[in-house]
Amino acid sequence: MLMQTVQTTPIADQKPGTSGLRKKTAVFRASHFLENYVQSIFDGIEGVLGKTLVVGGDGRFFNDIAIQIILRMAAANGAAKCIVGQNGLLSTPAASHLVRLRQADGGGLILSASHNPGGPDADFGLKYNGPNGGPAPEAVTNKIYERTKVIDHYKTCAADDIDLAIVGMQTLGNMTVEIIDPVEDYAALMQKIVDFDKIRALFAGGFTMCFDAMHAVTGPYAHTILEGMLGAPKGTVINGIPSTDFGKGHPDPNPAWAKVLMNIMHSTDAPDFGAASDGDGDRNMILGRGVYVTPSDSLALLTAHANLAPGYQDGVAGVARSMPTSRAVDRVAERLGIGCFETPTGWKFFGNLLDAGKVTLCGEESAGTGSDHVREKDGLWAVLLWLNILAETQRSVAELMMDLWATHGRCYYARFDYEDVDSAKATEVIDGLRPKLPMLAGARIGGLQVQMADEFSYVDPVDRSRSDGQGIRLVFENGARAVFRLSGTGTQGATIRLYLEQLETDHSRLQEDPQKVLANVRDAALTLSDLEAIIGRTAPDVIT
Ligand code: VG1
Ligand code: CO
């Protein structure tokens, strides 16, 4: 095998965002871009000499070619072994599990831009996960980023492509490539956590479900687990064959992008339960017949009932949620007498809490829920835990939600996204809010009195690392809250996210229209920030 050292120069802006590096596909395909970034990852983790790596992706356009490039570079950099999902497929949670199961000391490379669309004119991405299976902490991503600024060569080799379709061992120079079934180990893990017998009995009793894999990576997982192992009828899984452009859709499981499933679940012959997952399988959307469950409420519900599943029968040690996620789970945690942590947006901030055993479950408002079984959010896991709870309680999704709200109050919730905003204007919105914050406590905006206003900073309770500038919080005295932050995953312009929340404890007001309930806090947030005037919009692009 012919080793090659290729001279290169730094390529502008290879700074990883909320979860890895995400760019237009054309950028990743441009000369040396992917190679530079991969070599910077290898350099940033002190090399891969003698190490084992896990490699796989969500099947989007360029997935297979990128994997061949990465394998050649891993071999040239002296890696001992790469474990790769068959046909290049691995969901993000399955990759996280494999890193842990196989003790892959080099960690994992996951090719995905998650819920962003795929294709030659759409998006591509690469995430690096460390040997604990979780997204690299900021200390590591900073090292990688610093390398991208000074890189002057990368190592690769001339070798034939690996056949990604054949399960088994192959060699690339001195490196072993092991192609594995992407579903098998993951399915075995799920079997240990949730009660498959109970769920099988539920389906056997006529319970109906629709799982929308959105033409993305969870298709094979859902087919095997739901229709195979759990005996759900054929056709339970829709859009179950991964395609390189996700059927030209956004594989984003929310009411806006998963319209097909929303319509099914709100039709007269809706099944009992509906769910969807995103491009790389780490997100989930949960629906009952005629009911949409917000991700924040789903985290609260799972926390309240986790002990019904074998994996959590001794209870939950603690929970964590990202800052913009509603405080519904805080109220459950308080009742259960367990710890509750508020972290910045992005799964990497849960890693230390999980590793230290301080939390068992965690989640984000953006449809991510997970537990200590892996170090990523896990879409199908959340669906299976819901099924376990539905089977044990024999209650409907609507009944479970009403019970949750009756006991803890309901946190009405919505997120407004203003997309593709001019970056300077987006910064102007945040910069304009910052100096107002110290004066706000006690002030009235519209009809609402501000209790607390700040910019969120986080000090990791485990390693004391500090993360500043994690979003602006306005907490009001009547149980309302508004949060502003800029997205770190977009590939075009800036995205401003405005998160709105309103607690309601009056039992006669638990089934109102969320947008009506949130109107006051929305008006207060928009008035204070002058957001829409500054960016020249009259409404958000997406409300979820
Ligand atoms: C978004 C979500 C965040 C999530 C991140 C990665 O980030 O808000 O909660 O962790 O995507 O999700 P941002 O910075 O655009 O708000 V995924 O499914 O890429 O792994
Ligand atoms: Co994702």
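The values are calculated or read from the model by the stated rules, or taken from the named source; none is laboratory data. Small disclaimer: the values here were computed from a predicted structure and weren't measured. As a convention, Cβ positions derive from the backbone with ideal geometry for all residues, glycine included, and neighbour counts pool all protein chains shown. Side chains are part of the model used for accessible areas, which takes the heavy atoms of the whole protein and leaves out ligands, DNA and RNA. Shrake-Rupley method; radii C 1.70, N 1.55, O 1.52, S 1.80 Å.
Evaluated against (1) in a helix (DSSP H, G or I); (2) on the phi > 0 side of the Ramachandran plot, GLY315 falls short on exactly one condition, (1). Just so you know, in the range 341-370 the residues that are over 16 Å from VAL459 (Cβ atoms) and open to solvent by 40 Å² or more (accessible area, probe 1.4 Å) include one that is farthest from ligand 2 (Cβ to nearest atom), and it is GLY357.
The single condition from (1) crowded, with 23+ Cβ neighbours inside 10 Å; (2) more than 16 Å from ligand 1 (Cβ to nearest atom) that ALA187 fails is (1). Considering only residues that are within 16 Å of ligand 2 (Cβ to nearest atom) and among the aliphatic types (A, V, I, L, M), look in the range 102-135 and name the one that is surrounded by the fewest Cβ atoms within 10 Å (Cβ to Cβ). This residue is ALA122. Against the condition within 21 Å of LEU486 (Cβ to Cβ) and surrounded by 16 or more Cβ atoms within 10 Å (Cβ to Cβ), how does ALA424 come out, does it pass? No, not satisfied. Could you please find all residues in the range 45-74 being over 19 Å from ASP181 (Cα atoms) and open to solvent by less than 10 Å² (accessible area, probe 1.4 Å)? Residues satisfying the conditions are VAL48, ALA66, ILE70, MET73, ALA74.
The single condition among (1) within 15 Å of ligand 1 (Cβ to nearest atom); (2) open to solvent by 10 Å² or more (accessible area, probe 1.4 Å); (3) at pLDDT 95 or above; (4) in a helix (DSSP H, G or I) that LEU380 does not meet is (2). Can you confirm whether GLY228 is open to solvent by 10 Å² or more (accessible area, probe 1.4 Å) and modelled with pLDDT under 95? For GLY228, the condition - open to solvent by 10 Å² or more (accessible area, probe 1.4 Å) and modelled with pLDDT under 95 - is not met. The set of residues from the range 331-357 being in contact (Cβ under 8 Å) with a residue 12 or more places away in the chain and under 22 Å from TRP405 (Cβ atoms) comprises ARG331, VAL332, ALA333, ARG335, LEU336, ILE338, CYS340, GLU342.
Of the set (1) open to solvent by 10 Å² or more (accessible area, probe 1.4 Å); (2) within 16 Å of ligand 2 (Cβ to nearest atom); (3) under 26 Å from ALA139 (Cα atoms), all apply to LEU21 but (1).
Inside the range 192-272, counting only helices (runs of 4 or more DSSP H) that do not spill past its ends, which hold 3 or more residues that are within 29 Å of ASP372 (Cα to Cα)?
On the way: elements: 196-204, 218-222, 259-265.
Passing ranges, in order: 196-204, 218-222.
So that you can scan it fast, the table gives a plain yes or no per residue for (1) in contact with a Gly (Cβ under 9 Å, 6 or more places away or on another chain); (2) within 16 Å of PRO117 (Cα to Cα):
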| residue | (1), (2) |
| --- | --- |
| PHE196 | no, no |
| PHE203 | yes, no |
| GLU227 | yes, no |
| PRO233 | no, no |
| THR244 | yes, yes |
| LYS248 | yes, yes |
| ASN254 | no, yes |
| LEU261 | yes, no |
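Count of the range 383-429 residues, restricted to those that are more than 16 Å from ligand 2 (Cβ to nearest atom), in a helix (DSSP H, G or I) and within 22 Å of VAL319 (Cβ to Cβ), is 19. When GLY363 is tested against (1) within 13 Å of ALA320 (Cα to Cα); (2) away from ligand 1 (no atom under 13 Å from the Cβ); (3) in contact with a strand residue (DSSP E or B) (Cβ under 8 Å, 6 or more places away or on another chain), exactly one condition is not met: (2). Pairs linking a residue in the range 19-38 that is of a type in the set (Ser, Thr, Tyr) to a residue that is part of a helix (DSSP H, G or I), with Cβ atoms under 7 Å and 6 or more positions apart or on different chains, are SER19/TRP347; TYR37/THR148. The set of residues in the range 273-309 that are open to solvent by less than 10 Å² (accessible area, probe 1.4 Å), part of a strand (DSSP E or B) and away from ligand 1 (no atom under 16 Å from the Cβ) comprises PHE273, GLY274, LEU287, GLY288, VAL293. Residues in the range 500-544 that are in a loop (DSSP other than H, G, I, E, B) and among the hydrophobic types (A, V, I, L, M, F, W, C): LEU510, LEU518, ALA539. When ALA320 is tested against the conditions (1) in a helix (DSSP H, G or I); (2) within 15 Å of the chain's Cα centre (by Cα); (3) away from ligand 2 (no atom under 16 Å from the Cβ), the lone failure is (1).
For the condition within 26 Å of TYR186 (Cβ to Cβ) and at pLDDT 95 or above, LYS24 does not qualify. Among the numbered conditions (1) at pLDDT 95 or above; (2) in contact with a Phe, Trp or Tyr (Cβ under 8 Å, 6 or more places away or on another chain), the only one that ILE543 does not meet is (1). Look through the range 29-44, keep the residues that are out of contact with any strand residue (DSSP E or B) (no Cβ under 6 Å at 6 or more places or on another chain) and of a type in the set (A, V, I, L, M), and return whichever of them is surrounded by the most Cβ atoms within 10 Å (Cβ to Cβ). Once the filter is applied, the top-ranked residue is LEU34. Applying the set (1) of a type in the set (Gly, Ala, Ser); (2) out of contact with any strand residue (DSSP E or B) (no Cβ under 6 Å at 6 or more places or on another chain); (3) in the same structural domain as ASP64 (by TED's automatic domain parsing) to ALA204 leaves exactly one unmet item: (3).
Only residues that are touching a residue at least 60 places away in the same chain (Cβ under 8 Å), within 15 Å of ARG522 (Cα to Cα) and more than 8 Å from ligand 1 (Cβ to nearest atom): list them for the range 480-498, please. Listed by number, the residues that qualify are ARG481, VAL483, ILE496, LEU498.
Surrounded by 19 or more Cβ atoms within 10 Å (Cβ to Cβ), more than 16 Å from ligand 2 (Cβ to nearest atom) and small (Gly, Ala, Ser): is that true of GLY247 in this structure? Judged against the criteria, GLY247 is not a match.
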